[in-house]
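The values are calculated or read from the model by the stated rules, or taken from the named source; none is laboratory data. Quick caveat: nothing in here was measured; it's all calculated off a predicted structure. Cβ sites come from the backbone with ideal geometry, for glycine too, and all protein chains shown count toward neighbours.
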Amino acid sequence: MKLLLRFLPEMIKSPLISEIILETGAKLNINKANVAPSGGEIVIDIPPDKVEDVIRAFKVRDVKVIVLEHPVIRDDERCVNCGACISICPVDVFEFGEDWSVDSNVDKCVRCGACVYGCPLCALSLGEEDV
Ligand code: SF4
Ligand code: SF4
């Protein structure tokens, strides 16, 4: 399960990730991090059995938590299976299927956004779901 975490500026000096790893025992994998004095945004991957504990631990600390059930969303009405996203995506989310349509495995997505800007048909967008 992937979570998108949004940190306020006053939070970025605190070792929140380390605290939560120690508190929950969850092996968090950081997929993407963008931290600046104005705040931060981090995408983490967490084991399924630790999802509730980790979400609770971040929310107690007032971190905004967004579950990325669908990190990237494809509009199948727009997609023409051109395959451009296959070469753009750095983590191989997309691939041609046997019938040459483009399949996706969004569990791999690290939400970098590259495909959203690269799709010539504007068929891709980043999804979010608040908890
Ligand atoms: S780049 Fe866009 S139109 Fe082309 S296969 Fe990917 S999602 Fe479909
Ligand atoms: S957002 Fe980035 S990682 Fe996710 S599918 Fe698009 S290119 Fe791949």
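Might you let me know whether region 46-57 holds any residue that is farther than 18 Å from Thr24 by Cβ, out of contact with any helix residue (DSSP H, G or I) (no Cβ under 7 Å at 6 or more places or on another chain) and aliphatic (A, V, I, L, M)? Step through it out loud before you land on a result.
In the first step, residues of region 46-57 are kept if they are farther than 18 Å from Thr24 by Cβ; the result is none.
Within region 46-57 (the criterion being farther than 18 Å from Thr24 by Cβ, out of contact with any helix residue (DSSP H, G or I) (no Cβ under 7 Å at 6 or more places or on another chain) and aliphatic (A, V, I, L, M)), the answer is no, since none of the residues qualifies.
Of the conditions (1) surrounded by fewer than 15 Cβ atoms within 10 Å (Cβ to Cβ); (2) at pLDDT 95 or above, Glu128 satisfies every one except a single condition; which number is it?
Checking Glu128 against (1) surrounded by fewer than 15 Cβ atoms within 10 Å (Cβ to Cβ); (2) at pLDDT 95 or above, the one that fails is (2).
With the condition kept exactly as written, say whether any residue in region 10-24 is modelled with pLDDT under 90, in a helix (DSSP H, G or I) and over 14 Å from the mean Cα position of the chain (by Cα).
There is at least one residue in region 10-24 that is modelled with pLDDT under 90, in a helix (DSSP H, G or I) and over 14 Å from the mean Cα position of the chain (by Cα).
Looking at Ile20, Ile66 in this structure, which one is among the β-branched types (Val, Ile, Thr) and farther than 28 Å from Cys89 by Cα?
On the way: Ile66 fails: farther than 28 Å from Cys89 by Cα.
Just one listed residue meets the conditions, Ile20.
Go through (1) under 11 Å from Leu4 (Cα atoms); (2) part of a loop (DSSP other than H, G, I, E, B) for Ile44 and report which single condition fails.
Failing condition for Ile44: (2).
Out of Val72, Val51, report the one residue that is closer than 17 Å to Lys2 by Cα, more than 13 Å from the chain's Cα centre (by Cα) and not polar (S, T, N, Q). Step through it out loud before you land on a result.
On the way: Val72 fails: more than 13 Å from the chain's Cα centre (by Cα).
On inspection, the qualifying residue turns out to be Val51.
State all residues of region 95-120 that are out of contact with any Asp or Glu (no Cβ under 7 Å at 6 or more places or on another chain), loosely packed, with under 13 Cβ neighbours inside 10 Å and either at negative phi or of a type in the set (Val, Ile, Thr) (or both); if no residue qualifies, say none.
The answer is Phe96, Glu98, Asp99, Ser101, Asn105, Asp107, Tyr117, Pro120.
Results for (1) more than 16 Å from Val67 (Cβ to Cβ); (2) surrounded by fewer than 12 Cβ atoms within 10 Å (Cβ to Cβ), shown as yes or no for each residue.
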{"position": "Ser18", "(1), (2)": "yes, yes"}
{"position": "Glu23", "(1), (2)": "yes, no"}
{"position": "Lys32", "(1), (2)": "no, no"}
{"position": "Ile42", "(1), (2)": "no, no"}
{"position": "Ile46", "(1), (2)": "no, no"}
{"position": "Val51", "(1), (2)": "no, no"}
{"position": "Val54", "(1), (2)": "no, no"}
{"position": "Ala57", "(1), (2)": "no, no"}
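Which residues, taken from region 40-57, are under 23 Å from Gly113 (Cα atoms) and touching a residue at least 40 places away in the same chain (Cβ under 8 Å)? Spell out how you get there, then give the answer.
In the first step, residues of region 40-57 are kept if they are under 23 Å from Gly113 (Cα atoms); the result is 40-46.
Of everything in region 40-57, those that are under 23 Å from Gly113 (Cα atoms) and touching a residue at least 40 places away in the same chain (Cβ under 8 Å) turn out to be Val43, Ile44, Asp45, Ile46.
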